[in-house]
Amino acid sequence: FLAKEVGEDLSDMQKPIPKPQDVVLYGFGRIGRLLARLLIEKTGSGDMLRLRAIVVRRGSSEDDLCKRASLLRRDSVHGAFDGTIRILKDKNILVCNGNPIQVIYAESPSDIDYTKFGISNAILIDNTGVWRDEKGLGQHLKCPGAAKVILTAPGKDHIPNIVYGINHHQIQDSSQII
């Protein structure tokens, strides 16, 4: 069955992307934490998609980073995080399964230069739902180090709403916001 459905890809050992890809999560609510879990799980040795940073607004508590780590560790639906999470509080870093993830506190995209954190050509996943049009999401593309934006909510304007297997062919190499 697999050979019929997948074809030659079944035995293909070539990686789907030629080099590691930096990923940034903009927002760390329910969707952001679930995406973080998936990306951390898939990061492995770090040679594919790498969650490099999470951007959030600073919480009112001095223990903000610890609270965010705790929310990542336990989910009421998905259960406990399968791995390790350490907190480097002085550097605002979560080390998840050995991979450092920078927590960046910012009020808006204009406050951020990702290259200061060694992040370049990043795919930024906006899961806040605050901006859903090209003008709003385009703010992310003005940040040094960000290359493409993925919106996790239905888009407005001319932003394509992609469902893999249905219309994923609409994504072009030149697509910057989807």
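The values are calculated or read from the model by the stated rules, or taken from the named source; none is laboratory data. Everything quoted here is computed from the prediction, not taken from an experiment. A quick note on method: Cβ atoms are made from the backbone with ideal geometry, for glycine too, and the neighbour counts reach across all protein chains shown. Calculation scope for accessible area: heavy atoms of the full protein, side chains included, ligands and nucleic acids excluded. Shrake-Rupley method; radii C 1.70, N 1.55, O 1.52, S 1.80 Å.
Listing for the model above:
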| quantity | calculated |
| --- | --- |
| Spherically averaged projected area of segment 133-172 from its Cα convex hull (nm²) | 3.2 nm² |
| Rough spin-label spacing in nm, given labels placed 7 Å along Cα→Cβ, for S60 and L34 | 2.8 nm |
| Descending Cα extents along the principal axes, segment 50-142, whole Å | 37, 29, 27 |
| Where N is the number of residues in segment 83-130, Cα Rg divided by 2.2 N^0.38 Å | 1.28 |
| Taking segment 36-137 and dividing mean pair separation by its residue count, relative contact order in percent (alpha carbons under 8 Å, at least six apart) | 24 percent |
| log10 of Debye I(q)/I(0), alpha-carbon scatterers only, for the chain at 0.15, 0.16 Å⁻¹ | -0.94, -1.06 |
| Protection-proxy order for peptides 104-111, 29-36, 120-127, each taking the mean of Cβ atoms within 10 Å per residue, highest first | 120-127, 29-36, 104-111 |
| Full-extension gain in nm, H169 to A153, via 0.36 nm per residue minus C-alpha separation | 3.8 nm |
| Ordering of 164-177, 142-155 by packing [mean C-beta count within 10 Å, highest first] | 142-155, 164-177 |
| Hull shadow area, averaged, segment 110-162 [alpha-carbon convex hull, nm²] | 3.6 nm² |
| Percent antiparallel among DSSP beta bridges (both partners in segment 18-154, rounded to 5) | 35 percent |
| Protection proxy ranking, peptides 83-89, 68-74, average beta carbon neighbours within 10 Å, highest first | 68-74, 83-89 |
| Fraction of accessible area attributable to carbon and sulfur, the chain (%, probe 1.4 Å) | 52 percent |
| Per residue value of the accessible surface for segment 64-119 (all protein chains in place, 1.4 Å probe), Å² | 56 Å² |
